[in-house]
Each structure stands twice: as C-alpha cells, then as structure tokens.
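Trainee: Dumping the structure here so I can ask a few things about it.
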Amino acid sequence: MGSVSLKIGDGTARFKRASVCSSAVNLMMLFSVITTNLFAFYAFTYHPTTITLHQNPKNIAVISEKVSLILKEIESSQKKLAQMEKEILGYESLDLLRPNIANELKEFLNPHRLPLGKDSRTGITEMVASVGHSCEKSVDLLSQFMGYKVYGLCPDDWSLGQKLILQGCEPLPRRRCFAKTVPKVGLQPLPVSLWKNVSEKAFSWSGLGCKSFACLNSKKLNRDCAGCFDIVNGYENQRYVKARSKNDFLMEDVLAMGNGGIRIGFDIGGGSGTFGARMAERNVTVVTVTLNVDAPFNEFIASRGLFPLYLSLDNRFPFYDNVFDLVHVANGLDIEGKPEKLEFLMFDIDRVLRAGGLFWLDNFYCSADDKKRDLTRLIERFGYKKLKWIVGEKANGPGKSEVYLSAVLQKPVRT
Ligand SMILES: *[C@@H]1O[C@H](CO)[C@@H](O)[C@H](O)[C@H]1NC(C)=O
Ligand SMILES: *[C@@H]1O[C@H](CO)[C@@H](O)[C@H](O)[C@H]1NC(C)=O
C-alpha cells in the first residue's frame, strides 16, 4: 500500500546519492561519538603513575596537546557532518541560510516528502527541486529573480532570467507568479504562418536594445542572423532554396541524401527559424534551439508556427539517444573555451542523431586555420561518412577573405 508514482526528473539520481550519504552520515556520527568518548575516557582516566600533574608541567603540556587534538578531531567531524547534510539536500554549493535569500527560493528548494512514504516504482521518499549549481555565483540575482508576489504577476524580467542562464545558473527555479502575457494578434494558420509578418505588438520587447523589427534587421545579430527577421523581402526567404555560394547547400539536395528517411530534425542556434520553416514545407518537423540574445528569437519562431526550444548549449539536450533524422548547425557550433567543450557538444549531437541520420554543418566560419584543422580532426574521429564537404572562401571587404566549412555527414552504425 501507499504507493504513488510520479515523474521526478533528476530527483532520482540525487536521492540515490542522498541515501548513500545518509548511511555515511550515520557512520560518521557513530564514529565521532565513539572517538569523542574514547578521547574523553582517555583524558579523564589517564593517571600518570609516578608523577602527579601539578608536579610536572611537561605532562600538563602533553595533556593539553591531547585535548586540543581531541577538539580538532571533533571540529573536523562536525565540519564533515555539515558538509554531508548539505550534500543530502543536494545544494552543496547553495547556502540557504545566508542572509537575503528570497523566501520563495527556500520554499522551492526545500525537499518535499511524499505524503504516502516511499514510492514503490522509483524508491524515492521525497522530491528534490533542482537549480543549476552555478547559481551560487549569482545568488543575489537569483534572489532578485525569486522576489515576487505569489499568485501575482511576475515582474517583467525575462532578461534577468536569461542573464542567470548565461552565467551558468540553469535550470532556473520555478516561480509561483504569472508570466507577463502579450496579446498574440494576427497569427496565421500553417503553412501561411511560415512566411508572413506578424504585428510587432505580438512580441515582448522589454529588456531588448531594439524595439522593432526594422531595428533588428539593420543589425548583424550574429553570424547566422543578419536581417533574419525580414522573412518577406529579405534574403531569408531564399535560404536553402537558392545558393549564394558553393557552401550553401539546397534543402532538396540534402533531403535526397537522406533517402526519404528525414522526418524530424534538430536545428542548433537557428536564428529566426527559417531552416525549420523550409523543412516544415517538406513535412519535416524541426525543433530550433535558441536563447533570446538581443532579439525575441523564441517568440518569433513560435509565431511562424515552429517549435522553439529555450535552452543554452551548456545543457545536455533534453532528447533521448538516436531520435533525430537530421541535425543542422551553423555557427552555433562555435563555442568559446577549451577544445573539450566542443567535444562535449559534438558527442551530444552525435547521441541524439540516429545511425544513418545526417549532420549538416552549414557555413561554419573558420576564423583561423587551426580552428578548421581541429574541427576537421574532431569530426573525423566520429567516423561519419562525408556525403558533402566544401571548404570555401568568401570575400569580406577588399582584400579580405574568410574561410567557411560546409558539410553533410552521415552517422555510422557503431557496434
Ligand atoms: C515585414 O516586416 C519586415 C520587417 O521585418 C519589413 O521590412 C517588411 O516590409 C514587412 N513586409 C510586409 C509585406 O509587411
Ligand atoms: C506534405 O504533406 C501533405 C499532406 O500529407 C502532402 O499533401 C504534401 O504533398 C506533402 N509535401 C511534401 C513536400 O512532401
């Protein structure tokens, strides 16, 4: 009796560790009780046989040395205990007792015991909420994020949340307030929605430098989005159907390489969603992962009737192994930092792509020769079949040319 089943996310893993820790804590407690008592027993029963205490200061020194050893031992046991307790809570890096922590944050993070005791399917007895442990670095911002009226309207602060995410504080805690809404007027049905302007009033512009699409279109927001919000007149509606250089592959050609087996795809850092739009026209469902850096990318993609995923690339992708027929990435692959960082990302891309599926590297900008070499080496270690591999140069201003790599690779079956 008393069995409940619940979806718990990563609570299971935490709990496993917690139960290992609990027994460790019990052992530690036992150990510290025993050692403390033994030392005390030793200290109080130690009678020097020949010389009494006050007669020899050397012995007093010995005893006080022992006592201070005992005290040190107790202190270190207590420290270890406190550390283990924190680990049991799962927030070893987040000190909920420090001042100025929002009450809502404590409320969210405190473990909640299951009302009917142990869940028979998962073996857990309590639910643990998760936030990214890097939140510790920005705990003041986090407390600000969790400062609101419960059941009230959330502050208009999505950019604060994104700031936290960009500082590694991901996942963010949940909040008990209603997020700001914007009336979504003028949405069109599919497939008209893919290439139709929606009124600027249907987007939230708070926290952004630009307050209009005209402003956004006048800027190069990133390497894959220059004027990418102009889906009616701009270059955007020629992408993937009309090539500007040999590095631009056409959608038809790539889909043909998949022998009709391309049905679902994943686009990494896909700008305003144009890749997903072109795929939708060919009945391929694409999820586009993007943050809202300097522009309302997520809302815009959704307004086109496409699937936006709001997640930073530091996360493991929330998909199971071998599910996608196609992964498309352009300069989203250009992540700063150590080479291992790129490896972790590439391995995760490989994980979600099925055997026989296509990895489309689209106009990746190789800022330096060693960048191209490192990426090429890395890709070769994955053993993909090169269906297309083009290294091209594009002029960028007089006398300056830039090197781009485009490729379509097929994931092998590994045994
Ligand atoms: C659609 O919006 C863009 C700005 O993103 C603008 O330049 C263009 O003129 C609009 N087109 C139509 C047909 O309204
Ligand atoms: C997409 O699906 C619709 C409905 O099944 C079909 O009529 C259309 O031909 C398909 N388009 C492509 C490009 O396969």
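Trainee: Taking H placed 1.01 Å from N in the peptide plane, check which residues at least 5 places from residue 389 or on another chain put their amide H under 5 Å from its amide H.
Mentor: 408
Trainee: Per-residue HN-Hα couplings for region 265-270, Karplus 6.51 cos²θ - 1.76 cosθ + 1.60 at θ = phi - 60°, whole Hz, x for Gly and Pro?
Mentor: Per residue, the Karplus-derived 3J(HN,Hα) values read x, 10, 10, 9, x, x Hz.
Trainee: Run a plain Debye calculation on region 94-219 (Cα atoms as equal point scatterers, no solvent) and give log10 I(q)/I(0) at q = 0.11, 0.14, 0.20 Å⁻¹, rounded to two decimals, same order as the q list.
Mentor: Values, matching the q order: -0.59, -0.82, -1.14.
Trainee: Which ³J(HN,Hα) values, rounded to whole Hz and listed in residue order, are derived for region 57-72 from phi using the Karplus coefficients 6.51, -1.76 and 1.60 in 6.51 cos²θ - 1.76 cosθ + 1.60 with θ = phi - 60°, glycine and proline given as x?
Mentor: Values per residue, Gly and Pro as x: x, 5, 5, 4, 4, 4, 5, 5, 5, 5, 4, 5, 4, 4, 4, 4 Hz.
Trainee: Using the scaling law 2.2 N^0.38 Å as the reference, what is the normalised Cα Rg of region 192-410?
Mentor: 0.99
Trainee: A further question follows. Using label points projected 7 Å from each Cα along Cα→Cβ, tell me how many nm separate residue 136 and residue 376, to one decimal.
Mentor: Here the modelled spin labels are 4.3 nm apart.
Trainee: For region 192-410, what relative contact order do you get, as a whole percent, if you take Cα pairs closer than 8 Å and at least 6 residues apart?
Mentor: Relative contact order here is 17 percent.
Trainee: Apply the Karplus curve 6.51 cos²θ - 1.76 cosθ + 1.60, θ = phi - 60°, to the phi angles in region 318-324 and return the couplings in whole Hz, x for Gly and Pro.
Mentor: Rounded to whole hertz, the list is x, 10, 6, 5, 6, 9, 8.
Trainee: I want to verify the translational diffusion coefficient of region 199-262 in µm²/s; compute it with Stokes-Einstein, Rh as the Kirkwood radius over Cα pairs, at 37 °C and 0.692 mPa s.
Mentor: Answer from the Stokes-Einstein relation: 234 µm²/s.
Trainee: Follow-up. In whole angstrom, how far apart do the alpha carbon centroids of region 165-236 and region 278-295 sit?
Mentor: Going from one Cα centre to the other spans 12 Å.
Trainee: May I pose another question? Using alpha-carbon pairs under 8 Å, 6+ residues apart, how would you state the relative contact order of region 161-207 in percent?
Mentor: Here the relative contact order equals 30 percent.
Trainee: Measure off 7 Å from each Cα along the Cα-to-Cβ vector at residue 79 and residue 369, then give the distance between these two points in nanometres to one decimal.
Mentor: 5.2 nm
Trainee: Quick one: which residues, 5 or more positions from residue 184 or on another chain, have an amide H under 5 Å from its amide H? H modelled 1.01 Å from N in the peptide plane, none for Pro or chain starts.
Mentor: Placed amide hydrogens put nothing under 5 Å from residue 184.
Trainee: Pop the C-beta distance of residue 112 and residue 202 into the FRET formula with R0 = 35 Å and round what comes out to the nearest 0.05. Walk me through the intermediate numbers first.
Mentor: Working: r = 38 Å, r/R0 = 1.08.
That pair, residue 112 with residue 202, gives E of 0.40.
Trainee: Now for a separate question. So, by mean Cβ neighbours within 10 angstrom, what's the order for 398-407, 335-344, 154-163 with the highest one leading?
Mentor: With the highest mean Cβ count within 10 Å placed first, the list reads 154-163, 398-407, 335-344.
Trainee: Check which residues have an amide H placed less than 5 Å from residue 317's amide H, if you skip close sequence neighbours.
Mentor: Those qualifying (amide H under 5 Å, at least 5 residues apart or on another chain) number zero.
Trainee: Mind checking the alpha-carbon convex hull of region 220-348 and giving the volume per residue in Å³?
Mentor: For region 220-348, the hull spanned by Cα atoms encloses 121 Å³ per residue.
Trainee: What is the packing order of peptides 383-394, 222-233, taking the mean over residues of other C-beta atoms within 10 Å and listing the highest first?
Mentor: 222-233, 383-394
Values in this text are rule-based calculations from the coordinates and carry no lab data. Please read these numbers as outputs of a predicted model, since none were measured by experiment. Note that we place each Cβ from the backbone using ideal geometry, even for glycine, and neighbour counts take in every protein chain shown.
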